[in-house]
């Protein structure tokens, strides 16, 4: 931190206080060169997690998109809202701890993996949109592989 009086870097912290809302820290400092006292504020910089789409575009991670997809897939299924919200939170937590960019494919694969163990019908609904089946045969192949795993 440069002193506003003499521009030297050496200073010491005299007092530290957290703001009432906990969003920043206020520090009183004293320059070791000229003795000038000054105040600084520290705040966490939130760098948004970016999602790299299949076509290469980047957009900010949007938990609402995941929630909407989960709710659509689990519509009229015996799954509680609490479970859907927990699943969405798990996905957000998992990827927020990773790099600043994540490929949409990884998010989709994780969602499908979780849905497969939670509700097979919801899994098929989500997969049918996510995997973009080009033909009925591709869809049937996915269904047959799911049925074989159940046996």
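Computed values, structure above
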{"item": "Filter result (more than 30 Å from residue 19 (Cα to Cα) and not in a strand (DSSP E or B)) within region 43-57", "result": "53, 54, 55, 56, 57"}
{"item": "Failed item, numbered, when residue 127 is tested on (1) modelled with pLDDT under 90; (2) in a helix (DSSP H, G or I); (3) under 30 Å from residue 45 (Cβ atoms)", "result": "(3)"}
{"item": "Residue match in region 68-79 (condition: in contact with a strand residue (DSSP E or B) (Cβ under 9 Å, 6 or more places away or on another chain) and either assigned by TED's automatic domain parsing to the domain that holds residue 102 or closer than 30 Å to residue 90 by Cα (or both))", "result": "no"}
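Rundown of residues vs (1) over 17 Å from the mean Cα position of the chain (by Cα); (2) in a helix (DSSP H, G or I); (3) loosely packed, with under 13 Cβ neighbours inside 10 Å, yes/no style:
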{"position": "59", "(1), (2), (3)": "no, no, yes"}
{"position": "64", "(1), (2), (3)": "no, yes, yes"}
{"position": "75", "(1), (2), (3)": "yes, no, yes"}
{"position": "82", "(1), (2), (3)": "yes, yes, yes"}
{"position": "86", "(1), (2), (3)": "no, yes, yes"}
{"position": "94", "(1), (2), (3)": "no, yes, no"}
{"position": "102", "(1), (2), (3)": "no, no, no"}
{"position": "115", "(1), (2), (3)": "yes, yes, no"}
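Each row is one residue, and each column tells you yes or no for (1) without any contact (Cβ under 8 Å) to a residue 12 or more places away in the chain; (2) surrounded by 10 or more Cβ atoms within 10 Å (Cβ to Cβ); (3) farther than 30 Å from residue 96 by Cα; (4) more than 35 Å from the chain's Cα centre (by Cα).
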| residue | (1), (2), (3), (4) |
| --- | --- |
| 5 | no, yes, yes, yes |
| 9 | yes, yes, yes, yes |
| 17 | yes, yes, no, no |
| 26 | no, yes, no, no |
| 29 | no, yes, yes, yes |
| 33 | no, yes, yes, yes |
| 38 | no, yes, yes, yes |
| 43 | no, no, no, no |
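The values are calculated or read from the model by the stated rules, or taken from the named source; none is laboratory data. These figures come from a predicted structure and were not determined experimentally. Note that we place each Cβ from the backbone using ideal geometry, even for glycine, and neighbour counts take in every protein chain shown.
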